[in-house]
Structures are given as structure tokens and as C-alpha cells.
Amino acid sequence: MNTLDAIRTRRAIKHYDASHRMTPEEERQLFELAMHAPTAFNIQHWRFVNVKDPELRKQIRAVAWDQAQVTDASLLIVLCANLKAWTTPERYWSGAPQPVQDFLVPAIRTYYEGKPQVERDEVMRSCGIAAQTLMLAATAMGYASCPMDGFDFDAVAKLINLPADHAIAMFVAIGKGTQDAWPRQGQIPYEEAVLTDRF
């Protein structure tokens with residue numbers, strides 16, 4: 001599918017064929033495509049928790065407003081991030097020319113060290129980009145998707161054994177949709193959304 005078509009046709013789908021399974025190859029392709037999403041300083045702090053255990057899915061659904069896509073979608077991805085991924089900057093630039101390493105490695109430490117809000121802001125931005133990449137890839141592969149934040153973040157963190165230095169950004173459900181999305185509604189005018197130079 002053309003990328004522009006994928007952007008225009010992607011919608012949040014809530015109803016999925018619970019019997020449909022994606023192949024391991026399709027799953028891997030989706031995650032590999034998501035890993036092409038950009039991150040600040042190439043830190044790649046996203047972590048994709050692919051929830052496969054049906055019992056765990058039921059437990060997550062119970063703390064996610066009983067939303068059916070949690071159990072019915074082929075994939076339920078808890079999109080998380082390692083807040084401290086920046087503390088090993090050398091690993092992300094080990095193959096770069098030495099002048100690049102000499103500049104970026106200390107710059108990463110300066111940018112993040114002692115700044116917990118910056119850590120969190122950056123991982124949330126990166127996870128948002130990765131989520132959109134997942135959803136557009138799913139659309140191009142003929143699958144439906146749904147971004148989700150209607151759940152108890154603390155309860156889900158416990159259920160997936162989230163490390164203390166990680167954060168949950170959102171869920172992405174992906175699978176074979178069984179109902180179309182509602183018609184697109186309430187789009188604000190282009191002139192309200194797109195500003196030139198200043199407010």
C-alpha cells in the first residue's frame with residue numbers, strides 16, 4: 001500500500017476477529033518496521049511487550065475498562081520505554097567515526113543527566129512515533145489497529161513486571177478488524193490546526 005494511502009485510511013478499529021492469528025513472520029516484520037522509528041540520539045529506548053498469554057490478556061482487559069480489543073486483537077502490544085537507556089550512550093554510536101562519538105556521547109549525558117522530566121518526555125515522544133509506525137505498517141499489511149490509553153497504568157505495570165526504571169506509554173492492538181470505524185467526525189479546520197510562524 002502507498003504510504004499516503006495508509007495515512008489516510010488508518011483508523012482506530014475496536015472490533016477484531018478473536019480467532020485470527022498473525023504468522024510469526026508477520027509479527028516479526030511489524031516489530032522490525034517499528035524499530036526503524038526514530039529516537040532522540042538513536043537511543044532506541046522503546047520496549048515492545050507482545051502480550052501472548054490469554055490469561056494475562058484477560059487480566060489486562062479487567063483493568064482496561066473491559067475493552068474487547070485487549071483480548072480479541074491478534075496482537076496486544078504494551079509500548080514501554082527504558083527511561084535510563086541514555087546511561088549507556090556508547091552502545092548506540094560504537095560504529096560511528098571517532099569525531100562523531102567524541103561529540104555525541106558526552107552530549108547525551110549532558111542532555112539527560114539529572115533531568116527526569118526530559119527522560120520521560122523523550123521516551124513518550126519516541127513511543128508515540130513507534131506506535132504510529134506500527135499502525136501504518138499494520139495498515140499497509142492489511143490489518144487494523146487501535147492506539148489505547150484507557151487502562152490502569154499501575155495495574156498493567158504490575159501485571160507485566162515492568163522494571164522500576166521503565167514507563168508505559170500506551171497499548172497498540174493489531175489484528176483482523178470485523179467492523180469499520182465510525183465515520184470520521186469533528187475535524188477541526190485546516191486554518192485552526194496549521195499556523196504560520198506564530199499563534
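A few comments on the model shown:
- Residue 154-residue 31 FRET efficiency (beta carbon distance; Förster radius 25 Å; 0.05 resolution): 0.45
- Stretched out straight at 0.36 nm per residue, the stretch from residue 115 to residue 181 would grow longer than its current Cα-Cα span by 19.7 nm.
- 10 Å beta-carbon shell around residue 72, net charge (K/R +1, D/E -1): +3
- Projecting the Cα atoms of 44, 146, 34 onto the charge dipole of the chain, computed from C-beta unit charges around the Cα centre, puts 146 farthest toward the positive end.
- FRET efficiency, residue 196 to residue 4 (Cβ-Cβ, R0 30 Å, nearest 0.05): 0.80
- Positive-end extreme of charge dipole, the chain - chosen from 24, 88, 103 (charges on Cβ): 24
- Around residue 39: net Lys/Arg minus Asp/Glu count, Cβ-Cβ under 10 Å: 0
- Pairs from the list 52/115; 14/58; 58/115; 58/84; 84/158 with a Cα-Cα gap above 26 Å: 52/115; 58/115; 58/84.
- Local electrostatic count, residue 180, Cβ distance below 12 Å [Lys/Arg +1, Asp/Glu -1]: +3
- Highest mean packing comes first when the peptides 106-117, 11-22, 136-147 are listed by Cβ atoms within 10 Å, giving 136-147, 11-22, 106-117.
Every number here is computed from the coordinates shown, using simple stated rules; none is lab data. What you are looking at is a predicted structure, and each value in this text was computed from that prediction instead of being measured. Cβ coordinates were reconstructed from backbone atoms using ideal geometry, including for glycine residues, and neighbour counts include every protein chain displayed.
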